[in-house]
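Notes follow once the structure below has been shown.
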Amino acid sequence: MKTLLLMRHAKSSWKDRKLKDRERPLTKRGKKNAHEMGVVLFKNELIPQLILSSSVERSRHTVQEVINACNYQGKILFLDKLFMAEADVVVDALKLLPDEAERVLVVGHNPGLDSMIILLTRQIEFLPAAGLANISLPINSWKDLSKDSRGELIQLWRPKDLD
């Protein structure tokens, strides 16, 4: 069994209109929410063994807040291809992971992450900014992950539910 944690980047700022989309930072609320999700990982003993993240600023900042909150010490792979990636791109990235990683966190964007939840669990759920989904996958090797894999949505945390 593998555990896949999907997290949408936290709330980002549109304040500086000169910044490119890839350069947008987190808002104060976004930083707070990302930190809270790191606490959720820690309290639920879900600290990942590996993190895959989109390489854009808002995703990088989200990862930084999460790892500070849960004391993550492992490897982080920032991948350009995860920026606005659809579900098939995320699946392909996961298939390349080492099997020693039992629990993996992917930090990315919608609509791709919502599509991942639907693809793997057959449940329609909306992942808001800083939302976190815990999916159990009935596979022993990441290379066995496919669009036909049937996982179970164990829990979904939304920032508004933590207040």
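The values are calculated or read from the model by the stated rules, or taken from the named source; none is laboratory data. For clarity, every value in this text was computed on a predicted model and none was experimentally measured. Cβ atoms come from the backbone with ideal geometry, glycine included; neighbour counts cover every protein chain shown.
Is it true that VAL39 is closer than 22 Å to LEU26 by Cβ and either in a helix (DSSP H, G or I) or in contact with a Lys or Arg (Cβ under 7 Å, 6 or more places away or on another chain) (or both)? Criteria met by VAL39.
Restricting to the stretch 1-30, give me the number of residues that are more than 16 Å from the chain's Cα centre (by Cα) and farther than 30 Å from GLU102 by Cβ.
Our first condition is that a residue be more than 16 Å from the chain's Cα centre (by Cα); within the stretch 1-30, this holds for 1, 13-25, 27-29.
Retained after the next criterion (residues that are farther than 30 Å from GLU102 by Cβ): 13-25, 27-29.
Adding up the residues that qualify gives 16.
When the residues of the stretch 55-71 are filtered to those that are touching a Pro at 6+ places or on another chain (Cβ under 8 Å) and at pLDDT below 95, the one that is surrounded by the fewest Cβ atoms within 10 Å (Cβ to Cβ) is GLU57.
Does the stretch 8-28 include one or more residues that are under 18 Å from ALA129 (Cβ atoms), modelled with pLDDT of 95 or more and part of a strand (DSSP E or B)? Yes, the stretch 8-28 has at least one match. So how many residues does the stretch 55-70 have that are more than 10 Å from VAL107 (Cα to Cα) and among the polar types (S, T, N, Q)? Result for the stretch 55-70: 2.
Quick check: is even one residue across the stretch 132-139 among the β-branched types (Val, Ile, Thr), surrounded by 14 or more Cβ atoms within 10 Å (Cβ to Cβ), under 23 Å from ALA10 (Cβ atoms) and within 15 Å of the chain's Cα centre (by Cα)? Break it down stepwise before answering.
First, pick out the residues of the stretch 132-139 that are among the β-branched types (Val, Ile, Thr): 135, 139.
After this cut, where a residue has to be surrounded by 14 or more Cβ atoms within 10 Å (Cβ to Cβ) as well, the list is 135, 139.
Adding the requirement that they be under 23 Å from ALA10 (Cβ atoms) leaves 135.
Keeping just the survivors that are within 15 Å of the chain's Cα centre (by Cα) gives 135.
Yes, some residue in the stretch 132-139 is among the β-branched types (Val, Ile, Thr), surrounded by 14 or more Cβ atoms within 10 Å (Cβ to Cβ), under 23 Å from ALA10 (Cβ atoms) and within 15 Å of the chain's Cα centre (by Cα).
Can you name the residue in the stretch 94-137 that is in contact with a Gly (Cβ under 7 Å, 6 or more places away or on another chain) and part of a strand (DSSP E or B) and is also nearest to ASN33 (Cα to Cα) among such residues? Going through the qualifying residues, I end up with ILE135.
Take ARG122 and decide whether it is modelled with pLDDT of 95 or more, surrounded by fewer than 20 Cβ atoms within 10 Å (Cβ to Cβ), over 16 Å from the mean Cα position of the chain (by Cα) and farther than 24 Å from LEU77 by Cβ. The answer is yes for ARG122. Taking the stretch 77-128 as the range and being of a type in the set (Lys, Arg) and over 18 Å from SER149 (Cα atoms) as the test, only LYS81 passes. In the stretch 151-163, of all residues being of a type in the set (D, E, K, R) and surrounded by 11 or more Cβ atoms within 10 Å (Cβ to Cβ), the one that is nearest to LEU5 (Cα to Cα) corresponds to GLU152. Only one of the numbered conditions (1) part of a loop (DSSP other than H, G, I, E, B); (2) more than 19 Å from LYS160 (Cβ to Cβ); (3) at pLDDT 95 or above is violated by LYS147, and that is (3).
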